[in-house]
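Down below is the structure, laid out as structure tokens.
The values are calculated or read from the model by the stated rules, or taken from the named source; none is laboratory data. Predicted, not measured: the structure shown is a model, and the values here were computed from it. Positions of Cβ are generated from backbone atoms using ideal geometry, with glycine treated the same way; all protein chains shown enter the neighbour counts. With ligands, DNA and RNA removed, areas are computed over all heavy atoms of the protein, side chains included. Shrake-Rupley method; radii C 1.70, N 1.55, O 1.52, S 1.80 Å.
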Amino acid sequence: MNFIQKSNLFSFTGTRCLRNEYFHNDCHICIDVCPKNALHIVRNKLTLFENECVECAGCIGSCPTEALEIESFDPNGFAASFQHQNESLLSCKSSTPCLGVFDVEHYSVMALRAKRNVVCDMSHCSSCVLNEKGDLESVIRTKVETANAFLETLHVEHRIETIEEKEDEAPRRALFRKGLEKVKESIVNESVAHVSMTAAHHKLPDQKMPLKRVLLKNSLKEIVGDLETTAYEHSSPLFFNKQIDFQACTNCGDCTQFCPTDALFATSDKQGIYFSQGKCIGCGICEDICKPNAISAKEGYDLVSIAYERAEQLVHYEMVTCHECRCPFPYKGGEPICDRCESYTKQFSTMFTLAKDL
């Protein structure tokens, strides 16, 4: 069952939402950016209020797992085919819905593949009816800045530019209606081909990676061989790294079980854990679910590992039999007794004391 909610052209797939993947996840990005408060938390699950949604697409690009979609426009297909388009301008007046439909990955992919500047028309964002609180414009500008910082790190000359000069302004409601009409009309033009790209990706068996992440990694493959540096010691808002404390980890497997993109996965013998930077979306579920707090963020990332999804073994244990309960456990040195038995014998040591020894 897909748990898909639809409002005409807009849809929300609950099974791809981080809140559905892990009950205690507190992701609320789409709620914060929605200009009409159409997304709410009901019983700790994200729920779409169809009668409040205006299908503006402003929240689409903000979802880290692509649980939000608009049927008439696919940002992944648009970004993938941008290099073949003659026009470099992204504008809700002519070529796209609200620029909030794109994420950092989309902007980066367009600049890397087209090998030219991407121009975003933001001249009317401040006066847009969707931006009454200023949140939507702020989110879009942050994405542009993050994409430009990433392109600068790669020493790529192309950037995401913005147009700030205002044209003759029509009434705000008229602009809003015009934008929505354009989005709905686009369902009959070439953007229908874009829809099939994401739809096909989501139908692949066991496909958990957001397509925008796949597009970025494929774009990196084309240029990573020409980069002077591929490994960086600083942190990034786009890529994430993890580390596991050997002594604290109990090899329970909760982190691998609940990772929504399989960035953390067990070794073939189930006695260790691998981590793939290219699959991590920074949701933080693994750190939150780890009872002994063995998992933590780590600075640094490697573009080769990201592009080719190379995995690093974070921890590996030798399994031995506990001398008390005769159950296998991850051995960390010292007396071969599992944590459970050791804790029990310490807590109830008096139970094992003979009367003659008192």
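Give the span of the stretch 1-46's Cα atoms along each principal axis, as three whole-Å numbers ordered largest to smallest.
So the three principal-axis extents are 29, 27, 15 Å.
Just the number, please: Stokes-Einstein D of the stretch 202-287 in µm²/s, Kirkwood Rh from C-alpha pairs, 4 °C, 1.567 mPa s.
Translational diffusion coefficient: 88 µm²/s.
Just give me a number: lysine pairs in the stretch 220-358, eight or more positions apart or cross-chain, with C-alpha atoms less than 24 Å apart.
19
Take peptides 32-44, 266-278 and line them up by average Cβ neighbours within 10 Å, highest first, as a rough protection proxy.
266-278, 32-44
Of all accessible surface on the chain at a 1.4 Å probe, what whole percent is carbon and sulfur?
That share works out to 50 percent.
In whole Hz, what ³J(HN,Hα) sequence does the stretch 280-290 give by Karplus (6.51, -1.76, 1.60; θ = phi - 60°), x for Gly and Pro?
Running phi through 6.51 cos²θ - 1.76 cosθ + 1.60 with θ = phi - 60° gives 6, 10, x, 6, x, 4, 4, 5, 6, 7, 6 Hz.
May I ask you to list the aspartates and glutamates whose Cα is less than 14 Å away from that of Lys45, ignoring any residue fewer than eight positions away on the same chain?
Answer for Lys45, where 14 Å is the Cα cut-off: Glu21, Asp26, listed by chain and number.
With a cut-off of 8 Å between alpha carbons and a minimum separation of six or more residues, what is the relative contact order of the chain in percent?
This gives 13 percent for the chain.
Calculate the translational D of the stretch 55-172 in whole µm² s⁻¹ from Stokes-Einstein, where the hydrodynamic radius comes from the Kirkwood formula applied to all Cα pairs, the temperature is 10 °C and the viscosity 1.306 mPa s.
So the translational diffusion coefficient is about 109 µm²/s.
Could you grab the relative contact order for the stretch 1-95? Cα pairs under 8 Å, six or more apart, rounded to a whole percent.
The value is 28 percent.
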